[in-house]
Amino acid sequence: MDKTKANLPHKKQSRIQIRNRKRIMDAALIVFSENGYRGATLDQIARESGLSKPNILYYFEGKQNIHLALLSQLMAAWLAPLDAMNPDGEPLDELLDYMQRKLAMSREFPRESRLFANEILQGAPRITPHLQARLKPLFEEKTRVIQTWIDQGKLAKVDPRHLIFSIWATTQHYADFETQINILLPEGAPVGADAATLLHQIYTRLLKV
């Protein structure tokens, strides 16, 4: 491994370096979300970014390194709403707020959601260490919080793990199956507002004691 290249992200970077890395990451997000990891190539990322392939290889060792950087960046953003769930807050409000934040992220960052979904569908070959080290401890922590609320009689009796799974499924569906949704809904239908209202009603009825 080229030690200079490996250490580059840890050194102070110039404005041009910061700008070029962002151009590469933005282009890679488009390419990976549209073609999947296997279908994506450095040539496609180069064309999308407007940079040469050797220029891209100056910043990243290869396609896998770019993909890992994107997934790591996405993981941090994706975990933020769950991390923000306050154990001392009003339980129903905390869970409804979490659901709404996840739905908003799916609407605002559909490419990122599809990138993550594609990685999981392939068996998470590149992101498994991140899932084990970052997602699993936070997931376990928040399921304990929810179980405590249930034991205190503040929420209806549900399985905390499957509750979180269901929130992921219902909210990220709007990003991962965006094409299908656009075909099935009437043209110009307000997807976001309608979805938010419906999911709020569903989870309120499910969780309210």
Would you mention how many residues in region 9-32 are within 13 Å of Asn55 (Cβ to Cβ), surrounded by 11 or more Cβ atoms within 10 Å (Cβ to Cβ) and modelled with pLDDT under 90?
-> 1
Filtered residue count, region 84-99, keeping only those that are assigned to a helix (DSSP H, G or I) and surrounded by 13 or more Cβ atoms within 10 Å (Cβ to Cβ) | 8
Filter pass, Ile181 being closer than 27 Å to Met75 by Cα, without any contact (Cβ under 8 Å) to a residue 12 or more places away in the chain, part of a helix (DSSP H, G or I) and in contact with a Phe, Trp or Tyr (Cβ under 7 Å, 6 or more places away or on another chain) = yes
Only one of Ser72, Ser52 that is surrounded by fewer than 17 Cβ atoms within 10 Å (Cβ to Cβ), among the small types (Gly, Ala, Ser) and under 22 Å from the mean Cα position of the chain (by Cα) | Ser72
Picking from Arg161, Arg111, Arg134, Arg144, which residue would you name as being assigned to a helix (DSSP H, G or I), under 12 Å from the mean Cα position of the chain (by Cα) and not aliphatic (A, V, I, L, M)?
-> Arg111
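The values are calculated or read from the model by the stated rules, or taken from the named source; none is laboratory data. It should be emphasised that the depicted structure is a prediction, and the values quoted were computed from it without experimental measurement. Note that we place each Cβ from the backbone using ideal geometry, even for glycine, and neighbour counts take in every protein chain shown.
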